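The values are calculated or read from the model by the stated rules, or taken from the named source; none is laboratory data. What you are looking at is a predicted structure, and each value in this text was computed from that prediction instead of being measured. Every residue, glycine as well, gets a Cβ built from its backbone with ideal geometry; the counts of neighbours run over all protein chains shown.
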Amino acid sequence: MSVVNLREKTILAKVVYYGPPLGGKTTSLKHVHRVIDPERRTRLISLNTDKDRTLFFDFLPISLGRIGDFTLRIQGFTVPGQVKYRLTRRYVLRGADAVVFVVDSNPAEEGANLASLRDLRENLAGHGLDIATLPVVLEYNKRDRPDAMAVGEMDRLYNGPGWPRFETVATAGSGVFEAFTAAASSMVRRICSEYRIGDGPSAAAAAERTLAAIGEASPAPPPGEEEAAEPRDATGMIVLGGEPGAPEGADDLPDTEQLLERSLATNLRVAELLAEVQEARAELESRVGELSALYRLSGSAAASLDEDRVVATVVEGAAEALRAGHASLLVTDEADGVLRERGVHGFLYDPLAAALAAEGGTPALEAVTGAREPLRIGPDHPEGTLAAIRRREPSVRAAVAAPLRLRSRARGLLVAYFAGRGPEPGLPAVRFLGALAASASVALENARLHGAVERMNRELEERVADRTAELERAVADLRQIDQLKEDFLSNMSHELMTPLSGIRSSAEILRSYADMEAAERAEFLRGIEMEAVRLTLRLQDILDLSAFEAGRAQVLPRPQSGREIVQAALDRARPAMEARSLRVGFWPQAGVPRVLCDPRWIGRALDHLLDNAAKFSPQGAEVGVTLEAAGPAVRVSVRDQGPGIAAADRDSLFRRFKQTGQVLTDKPPGIGAGLPLVRRIVEAQGGACGIGGGPGLGTVAWIELPAA
């Protein structure tokens, strides 16, 4: 049930992620949190349970628009999925305004999914909520599994009411924010109807737009989770003894025997008190020594942020302070929960870790690894523990083990081994090792966090370097685009002004000389027509190139005779060749297969190649055209006797509006769109093109098309 604050004009709504254990609820909610709050203005709070977590975070800075005069904000929760946390789930579900039910796509989790869905219905009913009217969205999670259940089958099993459902991969964030958006918009619509404020559809649409805008931002790295502070132990005070009363018969004078008896009693009492003082002094000195050693070791461990150094300081210091000779530190592997050696002093290997590896299932060893308080391992310890250790190290007569814990989580064990002859380790040794283990836990965590910060700093530096390189590449691209624009404007101004000047000049002459002969008038009109055609062809090249680059050009390949296509192009090029007195030779190879192409576009490409050959060939030279098979393709080559092109300049000619030569001196006719258009046309039909030859050798331009 949403909370309405009339004074602040706010509505606080609640979205609960529900589902089976390890189905992806927490991961989904954490992804939503990263997307909505990339700057981590809000803190994530986690309550860890066995193999699962209950998450809560407050989206107070995030507004999903206004409903009437009210501002809507959201709180998000997950619940633990295990059966034993039913009371927790029911409590978290109370007052929910929407539910995102995360379904595990693993076929083996069908029973867990159905059980969790039944549990959801029962808990909602227990709070007086009707699942038929409450907004519910389904996440079909883990869709990246190769054995993921089919969506249709999942709909049949879990989506009888026809709730909105999304296929998600929570670990990658795929589909997760979309599911949250659907739940939020449905919730807004329901709140509007329930409180009769605002326009439900309009408010829901506004919420969707707001979330869509937020979702465009890249998710930030995951924020840290808040942990509850551990309670401090209280120190008690014990008052021993009482105040003696006045002796009876104080008014009577004691006799000699009474005086002697009292004197003896007094001396005995003094001796007893002296013994107690000496014992207390020895205990105090021992405690001071323990505290001094603990202070020294804890300070040394805390002063270092190198994890290996912390481990060495703690292990060696424990062995020295307790005169144990041997000590080790075992750390729980987060991946499999196994205790493994982290540091060993006095032994080549840790005997307890070796015993755990070989006999880890025995109750006695499990009692050691699961201990919550420091314990002494000796003959009086549960049978089998010391024996298991001595099977690896026969010299061990006793040991003390203290758990490493941080925020109520088991991190490992600090163990001191006593070998040879000597007294059994007493309570002070147990107490000292426990205090040292507590300090070591904090020091190791600080070192680990420092290492994590160092790694994050390195990653950040690498990321900054990557982003800087990306920016430099972007700047280079912008410069290239700017140069491309300048080339385009230069070419266009030159190529468009030339025909326009011819058209304008011819038109002015025709207008000025009304009595011009018909033949002369026809010549000027022909010139106007030719310049207009030239201008039209230049503009058509630009439009066609843009169409290919935008994917709008329609290409319809079909089997065609390559010889016929080439001959048609030669016929169209004949006037330009004859104008420069060029000789044209065509040599088709016998038995060349048909080609798969769109004849209209390939004709355009050949027109450009022949036009280039005519432009660059000297007067009276020869242009040769060949048609031949080239493996699984058919190649058409156009060879001229022009100046040729250096190898370094060939690729640049296929870039838009790029030409060799200076615009005002030796630039050839054209705008630099011909060869780029040829490449687009040929590659769109599965072919290739290129330029050969070289300075002084002429130019060979070729295209290859797939054989039909």
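Summed over the stretch 581-600, the residues that are loosely packed, with under 15 Cβ neighbours inside 10 Å and either aromatic (Phe, Trp, Tyr) or touching a residue at least 12 places away in the same chain (Cβ under 8 Å) (or both) give a count of 7.
Output the number of the condition that residue 610 fails; it satisfies all remaining conditions of (1) modelled with pLDDT of 90 or more; (2) closer than 18 Å to residue 697 by Cβ; (3) crowded, with 17+ Cβ neighbours inside 10 Å. Only one criterion in (1) modelled with pLDDT of 90 or more; (2) closer than 18 Å to residue 697 by Cβ; (3) crowded, with 17+ Cβ neighbours inside 10 Å is unmet by residue 610, namely (2).
For residue 329, the criteria (1) surrounded by 21 or more Cβ atoms within 10 Å (Cβ to Cβ); (2) closer than 24 Å to residue 299 by Cα; (3) modelled with pLDDT under 75 hold in every case but one, which is (3).
Looking only at the stretch 307-326, which residues are exposed (fewer than 15 other Cβ atoms within 10 Å of the Cβ) and in a loop (DSSP other than H, G, I, E, B)? Talk me through it step by step, then tell me what you get.
Here is the first cut: in the stretch 307-326, the ones exposed (fewer than 15 other Cβ atoms within 10 Å of the Cβ) are 308, 320, 323.
Once the filter is applied, which keeps residues that are exposed (fewer than 15 other Cβ atoms within 10 Å of the Cβ) and in a loop (DSSP other than H, G, I, E, B), the stretch 307-326 yields only 323.
Taking each residue of the stretch 559-580 that is within 14 Å of residue 619 (Cα to Cα) and in the same structural domain as residue 639 (by TED's automatic domain parsing) and looking for partners that are exposed (fewer than 14 other Cβ atoms within 10 Å of the Cβ) and not hydrophobic (A, V, I, L, M, F, W, C) with beta-carbon atoms closer than 6 Å, six or more apart or interchain, yields 580/619.
Do we find a residue being in contact with a Cys (Cβ under 8 Å, 6 or more places away or on another chain) and outside any strand (DSSP E or B) anywhere in the stretch 574-582?
Going residue by residue through the stretch 574-582, those that are in contact with a Cys (Cβ under 8 Å, 6 or more places away or on another chain) are none.
Scanning the stretch 574-582, I find no residue that is in contact with a Cys (Cβ under 8 Å, 6 or more places away or on another chain) and outside any strand (DSSP E or B), so the answer is no.
Looking at residue 157, is it closer than 19 Å to residue 93 by Cα and hydrophobic (A, V, I, L, M, F, W, C)? Write out each step before concluding.
On the way: closer than 19 Å to residue 93 by Cα: no; hydrophobic (A, V, I, L, M, F, W, C): yes.
Against the criterion (closer than 19 Å to residue 93 by Cα and hydrophobic (A, V, I, L, M, F, W, C)), residue 157 does not qualify.
Among the residues making up the stretch 126-169, a single one is small (Gly, Ala, Ser) and touching a Leu at 6+ places or on another chain (Cβ under 9 Å): 126.
For residue 678, the conditions (1) closer than 17 Å to residue 616 by Cβ; (2) modelled with pLDDT of 85 or more; (3) surrounded by fewer than 20 Cβ atoms within 10 Å (Cβ to Cβ) all hold with the exception of (3).
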